[in-house]
Amino acid sequence: MAFVNDVIDRLRCVLSAGALLASTEELKPYECDALTLYRQLPLAVALPADEAEVAAVLRACAQARVPVIARGAGTGLSGGATPRPDAVVMSLARLNRIISIDPLARTARVQPGVRNLAISEAAAPHGLYYAPDPSSQIACTIGGNVAENSGGVHCLKYGLTVHNLLALRVVSIEGEVLEIGSHALDAPGYDLLALLTGSEGLLAVVSEVTVRLIPRPQCARVVLAVFDSLAAAGQAVADVIAAGIVPAGLEMMDRSTIAAVEPFVHAGYPLDAEAVLLCECDGTAHEVEEEILRVEAVLSRAGARECRVSRDEAQRLRFWAGRKAAFPAMGAISPDYYCMDGSIPRQRLASVLQAIREMEGKYGLRCSNVFHAGDGNLHPLILFDSSIADEVARAEAFGGEILELCVREGGSITGEHGVGLEKINHMCVQFGSAELEAFHAVKSAFDPHGLLNPGKAVPTLHRCAEFGRLHVRGGNVPHPELPRF
Amino acid sequence: MSELQSLQERIRAAAAATQPLRIRGGGSKDFYGRALAGELLDVSALSGITHCEPTELVISARAGTPLAVLERELSAHDQMLGFEPPRFEGRATIGGAVASGLSGPRRAYCGAVRDFVLGVEMLDGRGQLLRFGGKVIKNVAGFDVSRLMAGSLGTLGLLTEITVKTVPRPRAECTLRFEMDQERALESMARWATRALPLSATAWHDGALYVRLSGADAAVRVGREVLGGEVISDAEQFWDSIREQRLPFFAAAQELWRVSLPSHSPELPIPGPAMIEWGGSLRWLPGPQDSGTLRELAARFGGHATLYRARVNPPEGTFQPLLPAMLLLHKRLKAVFDPQGILNRGRIYPAL
């Protein structure tokens with residue numbers, strides 16, 4: 001206990017007044033991120049105000065060998081920011097300044113606690129924006145996006161976080177500031193920018209981010225296509241890509257999702273359809289018009305019984321409304337649901353969706369599918385009721401089988417939510433022991449004593465057994481104000 | 001024994017004997033990086049496309065597969081490699097393209113080699129076969145080691161199979177030429193890039209700016225109307241001559257410096273000819289140059305300078321030196337994947 005008090009005293013010294021939280025009451029808001037299944041009070045929460053304080057916190061913790069868990073807005077779905085009783089949570093929320101926007105270089109230099117959407121808002125007067133748009137973008141921070149390599153609805157065309165970064169400043173566990181990447185298009189030495197992006201806070205703490213901005217497209221329109229079979233809709237997705245079209249977004253909802261959302265949003269989705277595809281095209285007005293025609297042709301050929309094209313911005317938003325309301329709508333029709341996040345090759349969509357349907361019978365549970373079809377990124381929502389004794393276990397087994405199917409089909413256990421705590425056991429399904437050992441060695445290269453977010457993202461070789469999920473009780477989605485899609 | 005197994009045996013034996021190996025595919029980039037001692041590890045027989053699925057925009061090939069073979073296959077499906085790597089008289093392989101991290105004219109607008117790498121299979125310096133990433137677009141499981149391999153010049157492992165994302169071939173393309181000096185060209189490229197125009201390449205050389213537009217018919221047509229300029233007729237040949245560094249500018253240079261800068265950096269105060277690509281981010285200068293002065297200048301603007309083509313093992317080093325803390329991290333990463341330090345030792349820096 002003496003050493004614990006030592007660390008807390010030291011942290012109080014290096015931080016300004018009020019920036020070190022240690023009472024149970026103060027720690028409570030930090031007990032979990034958006035994976036609320038796991039709750040744990042940390043040892044303390046540090047709220048540094050600048051890079052120097054971030055470095056000082058890390059140095060103090062390194063000296064005392066106390067683990068540090070970096071945290072942005074806490075909107076992550078995989079438990080990447082779940083505390084431990086022996087660790088300090090370091091919130092980067094106070095580093096929330098947009099340092100500069102350079103319209104001619106098309107870059108924004110921002111602190112890690114800046115919200116994703118705030119970057120695009122600040123760039124808007126210059127006709128520019130930051131493309132990656134995770135569904136939590138009104139709340140999630142850019143530092144968290146870097147840690148998770150976040151995606152979004154539009155990453156099919158505009159890439160993930162890693163494709164939209166130029167440079168980082170990061171602080172090592174020893175408190176040393178490193179400049180990673182550059183404002184040029186490459187940097188000498190190894191591509192540490194790529195390695196650090198998506199490293200889930202295990203390698204270093206981001207203290208500054210330079211992102212690439214791109215010109216905002218002049219217009220966007222969306223095609224809503226209705227299908228009488230899931231297989232045909234899945235094939236249609238593959239056909240769009242095969243036709244050489246890279247739409248800005250390509251999303252799918254199945255029948256049970258449609259049934260859940262339509263009463264909510266009145267988007268006009270036909271209740272008797274097996275699947276609805278939303279395909280968004282953006283660019284100049286001429287470009288969009290040309291692409292929409294091609295998309296409609298491909299979708300009709302693939303068996304769409306109806307294609308509606310948004311006439312104006314209001315209708316475009318209405319078409320999207322159901323997609324964006326899907327998660328809360330599920331909460332309304334089922335006491336609980338698990339949200340999975342696997343990815344597969346697009347050509348396997350139809351067969352995997354069919355396999356999931358068959359699993360519904362096997363596990364006696366319903367599963368709704370609403371997801372980034374263009375990326376092959378599934379978000380199966382397994383509906384269950386945790387008040388019924390064995391439903392939790394059945395739902396867990398169901399989800400596990402889906403993830404294992406994703407890996408078997410050549411995909412991944414996580415497309416965009418990260419591994420965190422949630423999928424740490426599934427890492428053993430996707431990687432062999434040699435790769436896992438390499439991951440541990442990479443971590444040691446940055447963090448020799450294993451103090452940065454230990455126990456997340458990479459399982460130790462002996463813990464390849466159990467499974468965990470995003471658990472939503474009584475429809476209480478964490479951060480209910482955020483759309484989840 | 002398969003080709004892969006025999007390479008694996010070679011590495012295992014070399015690791016046991018601490019015998020340095022120099023990895024070589026088509027040998028098209030022997031000039032790049034510091035020259036190596038060590039036994040030759042020839043990867044060229046490890047060849048062939050292993051997976052190609054047009055609906056996935058994904059292709060996998062063994063590392064020694066010539067780019068020409070990949071491009072032929074992709075072209076049959078109206079697809080291409082978005083990073084436009086140099087093919088160097090057909091000798092360049094996909095393994096070398098990824099290991100060198102060299103991208104072509106499209107880089108500033110479409111992405112670099114590493115942006116397209118989805119997965120690798122590799123042999124580390126112990127001869128262990130490792131697989132990172134995969135064949136899907138979205139995959140955030142584990143550290144992104146496959147992208148780390150791009151540009152690591154074989155110092156972290158021998159790439160054996162690579163999966164890259166491909167892009168549809170643009171439906172329309174057109175290259176415009178504008179007579180202008182360097183200062184105006186830099187300003188124009190920066191300004192045009194802030195507008196929703198389908199730019200896919202830019203280059204300035206010898207008093208003229210060249211701008212390539214690629215995309216939907218309508219987008220290219222509108223871009224042409226907006227920008228003006230003169231449409232050039234031999235566009236494909238022109239961009240190839242830059243991609244393959246066949247322009248007389250490149251051939252005439254005894255030494256060639258590649259200066260990477262923030263795009264809007266001003267004209268460098270260095271007399272003599274220059275060639276600019278990537279919207280101003282890439283500046284080629286013929287040598288000899290004073291490396292200290294040039295590197296200091298590049299660093300002042302936030303960039304770096306590479307002695308791209310030079311005499312063997314120039315004392316000034318091929319790549320801009322790293323700060324001590326970064327070099328330490330690089331050495332630790334090298335030790336993770338190649339603890340005996342046998343793979344392409346010294347190709348980037350003497351310490352790696």
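The values are calculated or read from the model by the stated rules, or taken from the named source; none is laboratory data. For clarity, every value in this text was computed on a predicted model and none was experimentally measured. All Cβ positions, glycine included, derive from the backbone under ideal geometry; neighbour counts span all protein chains shown.
Just a yes or no: is a residue in region A:201-221 at the interface with chain B (Cβ under 9 Å from one of its Cβ atoms), farther than 24 Å from B:Gly215 by Cβ and modelled with pLDDT of 95 or more?
Yes - at least one qualifying residue is present in region A:201-221.
Within region A:80-98, is there a residue that is under 18 Å from A:Leu203 (Cα atoms), within 15 Å of the chain's Cα centre (by Cα) and among the small types (Gly, Ala, Ser)?
yes
Considering only region A:96-138, how many residues are more than 14 Å from chain B (Cβ to nearest Cβ) and of a type in the set (Lys, Arg)?
Of the residues in region A:96-138, 2 are more than 14 Å from chain B (Cβ to nearest Cβ) and of a type in the set (Lys, Arg).
Please verify whether B:Ile242 is outside any helix (DSSP H, G or I), more than 13 Å from chain A (Cβ to nearest Cβ) and either of a type in the set (D, E, K, R) or under 19 Å from the mean Cα position of the chain (by Cα) (or both), treating the condition exactly as stated.
no
Among what's in region B:127-153 and is touching a Ser or Thr at 6+ places or on another chain (Cβ under 9 Å), more than 7 Å from every other protein chain (Cβ to nearest Cβ) and outside any strand (DSSP E or B), pick the residue that is surrounded by the fewest Cβ atoms within 10 Å (Cβ to Cβ).
Only one residue fits best here, namely B:Leu153.
Of the numbered conditions (1) modelled with pLDDT of 95 or more; (2) surrounded by 19 or more Cβ atoms within 10 Å (Cβ to Cβ), A:Asp133 fails exactly one; give the number of that condition.
(1)
Which of the residues spanning region B:182-203 are under 21 Å from B:Pro273 (Cα atoms), of a type in the set (Ser, Thr, Tyr) and surrounded by fewer than 22 Cβ atoms within 10 Å (Cβ to Cβ)?
B:Ser188
Do the conditions hold for A:Gly175, that is, is it over 20 Å from A:Pro134 (Cα atoms), assigned to a helix (DSSP H, G or I), more than 10 Å from chain B (Cβ to nearest Cβ) and in contact with a helix residue (DSSP H, G or I) (Cβ under 7 Å, 6 or more places away or on another chain)?
no
Which members of region B:1-14 meet the condition of being loosely packed, with under 15 Cβ neighbours inside 10 Å and among the aliphatic types (A, V, I, L, M)?
Hits for region B:1-14 are B:Met1, B:Ala13.
Against the conditions (1) over 30 Å from B:Leu74 (Cα atoms); (2) more than 23 Å from the chain's Cα centre (by Cα); (3) modelled with pLDDT under 95; (4) outside any loop (DSSP other than H, G, I, E, B), where does A:Glu290 fall short? Just the number, please.
(1)
Answer yes or no as to whether B:Ser200 is more than 9 Å from chain A (Cβ to nearest Cβ), closer than 30 Å to A:Glu287 by Cβ, touching a Gly at 6+ places or on another chain (Cβ under 8 Å) and among the small types (Gly, Ala, Ser).
Answer is yes for this residue.
Is region B:15-32 home to any residue that is buried (at least 17 other Cβ atoms within 10 Å of the Cβ), assigned to a helix (DSSP H, G or I) and among the hydrophobic types (A, V, I, L, M, F, W, C)?
Yes, that holds for at least one residue.
Somewhere in region B:246-253, is a residue aromatic (Phe, Trp, Tyr) and either within 14 Å of another protein chain (Cβ to nearest Cβ) or touching a Gly at 6+ places or on another chain (Cβ under 7 Å) (or both)?
Taking every residue of region B:246-253 in turn, none turns out to be aromatic (Phe, Trp, Tyr) and either within 14 Å of another protein chain (Cβ to nearest Cβ) or touching a Gly at 6+ places or on another chain (Cβ under 7 Å) (or both).
Answer with yes or no whether A:Ser150 is buried (at least 24 other Cβ atoms within 10 Å of the Cβ), at negative phi, within 14 Å of another protein chain (Cβ to nearest Cβ) and not charged (D, E, K, R).
yes
Can you work out which of the residues in region B:254-299 that are in a loop (DSSP other than H, G, I, E, B) and within 14 Å of chain A (Cβ to nearest Cβ) is farthest from B:Asp206 (Cα to Cα)?
Within region B:254-299, the match that is farthest from B:Asp206 (Cα to Cα) is B:Pro262.
Which members of region B:160-173 meet the condition of being farther than 18 Å from B:Glu56 by Cβ and touching a Lys or Arg at 6+ places or on another chain (Cβ under 9 Å)?
Passing the criteria: B:Thr160, B:Ala172, B:Glu173.
Here's a check for you: in region A:267-325, which residue that is within 14 Å of chain B (Cβ to nearest Cβ) and in contact with a Cys (Cβ under 6 Å, 6 or more places away or on another chain) is surrounded by the fewest Cβ atoms within 10 Å (Cβ to Cβ)?
A:Ala285
Do we have any residue at all in region B:311-333 that's in contact with a helix residue (DSSP H, G or I) (Cβ under 6 Å, 6 or more places away or on another chain), polar (S, T, N, Q) and either more than 10 Å from chain A (Cβ to nearest Cβ) or over 30 Å from A:Ala105 (Cα atoms) (or both)?
No, there is no match, as no residue in region B:311-333 is in contact with a helix residue (DSSP H, G or I) (Cβ under 6 Å, 6 or more places away or on another chain), polar (S, T, N, Q) and either more than 10 Å from chain A (Cβ to nearest Cβ) or over 30 Å from A:Ala105 (Cα atoms) (or both).
Grab the helices (runs of 4 or more DSSP H) fully contained in region A:345-455, keeping just those with 3 or more residues being facing chain B (nearest Cβ under 9 Å) and surrounded by 18 or more Cβ atoms within 10 Å (Cβ to Cβ).
Ranges flagged: A:433-446.
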